Amino acid sequence: MKKSILISFCVCFGFTQLQAQTAEDTMAIKRVALAYIESQHRPDPKLMEGALHPRLVKRSVFRNKATGKEYVSEYFTENMVILAETYNSKGDKFPKNPRKEVKLLDISAKTASVKLLADDWIDYMHIVKLNGEWKIINVLWQYNDVLQHE
């Protein structure tokens, strides 16, 4: 009996430690993920810059049409800020009511994993809390239509 109580206590205590985020953290994580996509909708490079860690790396897999070989494409914070400024500058890249669904996959005290479902693609994000602020540090993404990766 004592053993089962001890095991129950450890399981419950361990779960509590795993769920170390606050409601404010959860909202901040969602805000950062939404800022990433909304900065492309508007366009708003300052909003993008505020959401990203300076050492962000964004990756995806593409296929070279000439060789047929796959390779990993990488973008960095600077590229993403420029993208936010230019990608939708004519307002024709997204539908009138764009999809922006944020799914929290895992949250700890200093790290979070998020899945962002947008209109044409999926982004998996790692978000880190540094000096009290949540910032996107890694993004792995793909188009919904994988043929667009060529």
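Points worth noting:
- Residue in the stretch 69-81 that is out of contact with any Ser or Thr (no Cβ under 9 Å at 6 or more places or on another chain), surrounded by 15 or more Cβ atoms within 10 Å (Cβ to Cβ) and at pLDDT 95 or above present: yes
- The stretch 119-146, residues that are of a type in the set (A, V, I, L, M), within 27 Å of E24 (Cβ to Cβ) and more than 11 Å from the chain's Cα centre (by Cα): L130
- Candidate set from the stretch 55-68 (those that are of a type in the set (A, V, I, L, M) and over 18 Å from Y143 (Cα atoms)); member that is surrounded by the most Cβ atoms within 10 Å (Cβ to Cβ): L56
- Note on the stretch 94-134: among residues that are in a loop (DSSP other than H, G, I, E, B), in contact (Cβ under 8 Å) with a residue 60 or more places away in the chain and not hydrophobic (A, V, I, L, M, F, W, C), the one that is nearest to T22 (Cα to Cα) is S108.
- M48, sole failed condition from (1) assigned to a helix (DSSP H, G or I); (2) of a type outside the set (D, E, K, R); (3) at pLDDT below 95: (3)
- Check on V61, touching an Asp or Glu at 6+ places or on another chain (Cβ under 8 Å), within 27 Å of M27 (Cα to Cα) and among the β-branched types (V, I, T): no
- Hits in the stretch 59-84 - residues which are in contact with a helix residue (DSSP H, G or I) (Cβ under 6 Å, 6 or more places away or on another chain) and in a helix (DSSP H, G or I): M80, V81, A84
- Some residue of the stretch 102-111 being β-branched (V, I, T), modelled with pLDDT of 95 or more, surrounded by 17 or more Cβ atoms within 10 Å (Cβ to Cβ) and touching a Lys or Arg at 6+ places or on another chain (Cβ under 8 Å): yes
- The stretch 121-150, subset acidic (D, E) and surrounded by fewer than 14 Cβ atoms within 10 Å (Cβ to Cβ), residue nearest to K93 (Cα to Cα): D145
- Some residue of the stretch 85-93 being in contact (Cβ under 8 Å) with a residue 40 or more places away in the chain, within 15 Å of S39 (Cβ to Cβ) and either assigned to a strand (DSSP E or B) or under 17 Å from the mean Cα position of the chain (by Cα) (or both): no
- Enumeration of residues in the stretch 21-42 that are modelled with pLDDT of 95 or more and either within 19 Å of D92 (Cβ to Cβ) or aliphatic (A, V, I, L, M) (or both): M27, A28, I29, V32, A33, L34, A35, I37, E38, S39, Q40, H41
The values are calculated or read from the model by the stated rules, or taken from the named source; none is laboratory data. From a predicted model like this one, the values you see are computed outputs, not experimental measurements. No Cβ is skipped: glycine too gets one built from the backbone with ideal geometry, and neighbour counts run over all protein chains shown.
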